[in-house]
Amino acid sequence: MAVTQALELETTGTPAIPGWRQLLRRAGSFLAVLLALGLLWEGYKVIGQAVIGVVPLPVRPDDNSMPHVWTIVGTLFEPARRGGEEILLIILMRAALFTWREAAAGFVIGSLFGFALGAVLGRFVLFERSLMPYIVASQTVPLLAIAPMVVIWAGRLGWPAWWSVSIISAYLTFFPVTINTLRGLRSPNPTAVELMRSYAASEMQILWKLRLPSALPYIFTALKVSATASVIGAIVGELPSGIPDGLGRILLNFAQYFSTGPERLYAAVFGAAVLGIVFAALVALAERLSLPEARRLE
Amino acid sequence: MAPVISITDVSKVFNQGKENRVAALENINLEIQPGEFVSLLGPSGCGKSTLLRLIGDLISPSMGKVFVNGKGAPQARLDRDYGMVFQQATLYDWRTVTRNVQLPLEVMNYPKEKREVRTKDMLRLVQLEAFDRHYPWQLSGGMQQRVAIARALAFEPSILLMDEPFGALDEMTRERMQMELLRIWSQTKTTVVFVTHSIPEAVFLSTRVVVMSARPGRITGIIDIDLPQPRAFETREHPRFFEKITEVRECLRHDEVRGASA
């Protein structure tokens, strides 16, 4: 009793909201935003059709450029090809799962490489000064130019096509992880480092017991960005690889038929977005499980 | 008796040979005996923290010698002779109270059983046994600083170096912590070097007060505090306590006057 009382008097933490009630609330706000976006879309169409010709509009509000929300949702439940049996939703989900496998492999490779690079740069300032411009430059080179090269090189080495997709995906993934690892490893304040020095701790001990734990919140922030980037990398990588099973080919196909069936391209774009969100949410879940709330960067 | 800490002709210059060169300390001589409680007192910029960090080998002197337990300060640091407490508790957020106290023991490769025994003893010493599984952010400022003291003493260093450890606490907590520190000091017989800019704090805690002045930092006086031990709450109401405070204040002011006329 005395102990609990002291606890209430002396602790300064905020009362914890039960984790999954918070999760439910988050899901609720996500759906609310989705609904608002749908209303905005339909509202633009209604108002746009009333003022067309009078007010210049960026996008034509007709059903060919902007199909109704219910048309887009409806097309998910229709067969994707004439005479086909499977509805578009199933096809999209299978393709998304395929693309996700490539992206996940790329994400893991890219994150590990990004972390190792960040750790090396953090340890040797000379490397940071000399390599950083090239690391930044690597991200300004258009992915569309690099992707075919990677596919051809990987093909010559006899690697399976999806490996090259994962490598392209890793190329987009490593950068945020490197930058944030570097920042995170340098985040402990000088006193925290001096404390270690007063124990005559070795560099390795300072790294493992201080710098790495301090860097974790930064690294998780990077991983959430990288998760979505890895999906983009995989989709772009699928195009020159000629892989027919992923979202890349589907997006390409539907883009060619945009004028006759725009709703299917929108549906596929929506599918790709959902994949990115789900992947990022998985990383966020891993963060929840490994970091207490007070240590998360939001 | 051989001194624990012996500082001879020490000077410290920051940014030597550059435009923003600062003479932080000049010609410091000081000896500290085993079991003493010595405060370094002075206005900000007088180099008291710099002197503490020189003793702890977190920085090295530009000139002169710092000997600790009969060896150079760098060797003393490698021999883990120092426990450090800073103004900020500097607890590691991802570790519980227990694991924070264990940090130095892990670094020093203590066996697991010994780590646990020491941690328990230390948490009992600072009266925080009930909070062993708490995280730092769940504790008040005073409790965090008690954990920092427990952590500093966990590996039984012969010297405790404290850099304004109670500077961030409110007055009431501060007085409680001072009592607690004196109790710990009398129980552990550790030599304490304590940096502060509070005159009553220095007088209440110390066996000797080293008064310092700024630009360049140097020692202007060393005052023995012969108040009866152990100190208690009543000590603060003792006439001798006020006499000593006046003596320290005079020493600080005398130097100010001299500085102004120079």
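Comparing A:L76, A:L157, A:L239 in a Gaussian network model of chain A (Cα springs below 10 Å), the most mobile by mean-square fluctuation is A:L157. The lysines whose alpha-carbon is closer than 27 Å to the alpha-carbon of B:K48, local same-chain residues fewer than 8 away aside, are B:K12, B:K18, B:K65, B:K71, B:K189, B:K244. Does the stretch B:92-156 come out rounded, prolate or oblate by the C-alpha gyration tensor, with a ≥ b ≥ c the root eigenvalues, rounded set by a/c under 1.5 and, if not, prolate when a/b is larger than b/c and oblate if not? Prolate, because a/c is 1.5 or more and a/b exceeds b/c.
When each full DSSP H helix of chain B is screened for a Cα extent of at least 30 Å along its own axis and an average Kyte-Doolittle hydropathy of at least 1.0, none passes.
With respect to chain A, whose longest principal axis is taken over its alpha-carbon atoms, helix A:19-51 is tilted by about 40°. Scanning residues 5 or more positions from B:S62 or on other chains, those with amide H under 5 Å from its amide H are B:S11, B:K12, B:V13, with H placed 1.01 Å from N in the peptide plane.
Of A:I87, A:I250, A:I219, the residue with the greatest mean-square motion in the GNM of chain A, using alpha carbon springs below 10 Å, is A:I87. Each residue of the stretch B:61-68 was assigned a 3J(HN,Hα) from its phi angle through the Karplus expression (A = 6.51, B = -1.76, C = 1.60, θ = phi - 60°), giving x, 6, 9, x, 10, 10, 10, 10 Hz with x at Gly and Pro. The trypsin sites (Lys or Arg not before Pro) of the stretch B:108-185 meeting both criteria, a DSSP state outside H, G, I, E and B (loop) and at most 16 other C-beta atoms within 10 angstrom of the site's C-beta, are B:R133. Backbone phi angles across the stretch B:70-87, fed through the Karplus curve with coefficients 6.51, -1.76 and 1.60 (θ = phi - 60°), yield HN-Hα couplings of x, 9, x, 4, x, 5, 4, 5, 5, 7, 6, 8, 10, x, 10, 10, 9, 4 Hz in residue order; Gly and Pro are listed as x.
Among A:I168, A:L252, A:L195, which residue has its Cα positioned farthest towards the positive end of the charge dipole of chain A, with +1 placed on the Cβ of Lys and Arg, -1 on the Cβ of Asp and Glu, and the dipole taken about the Cα centre? Value computed over the given set: A:L195. Across chain B, Cα pairs under 8 Å and at least six residues apart give a relative contact order of 25 percent.
Taking only the alpha carbons of the protein assembly as shown, we obtain Rg and Dmax values of 32.8, 104 Å in that order. The Cα atoms of the stretch A:72-134 give a gyration tensor whose axes a ≥ b ≥ c have a/c of 1.5 or more with a/b greater than b/c, which makes the shape prolate. Close amide H contacts of B:G42 (hydrogens built in the peptide plane, cut-off under 5 Å, sequence separation of 5 or more or a different chain): B:T196, B:M212.
With Cα atoms as the point set, the stretch B:30-70 shows a radius of gyration and Dmax of 11.0, 31 Å.
DSSP beta bridges in chain B, what fraction antiparallel, as a percent rounded to 5? Antiparallel bridges: around 50 percent, rounded to the nearest 5. Once you order the gyration tensor axes a ≥ b ≥ c over the Cα atoms, which shape class does chain A get: rounded for a/c under 1.5, otherwise prolate or oblate by comparing a/b with b/c? Oblate. Taking the C-alpha atoms only, the angle from helix A:212-241 to the longest principal axis of chain A is near 30 degrees.
Values in this text are rule-based calculations from the coordinates and carry no lab data. All values reported here derive from a predicted model rather than from experimental measurement. Reconstructed Cβ throughout: ideal geometry from the backbone, glycine too, with neighbour counts over all protein chains shown.
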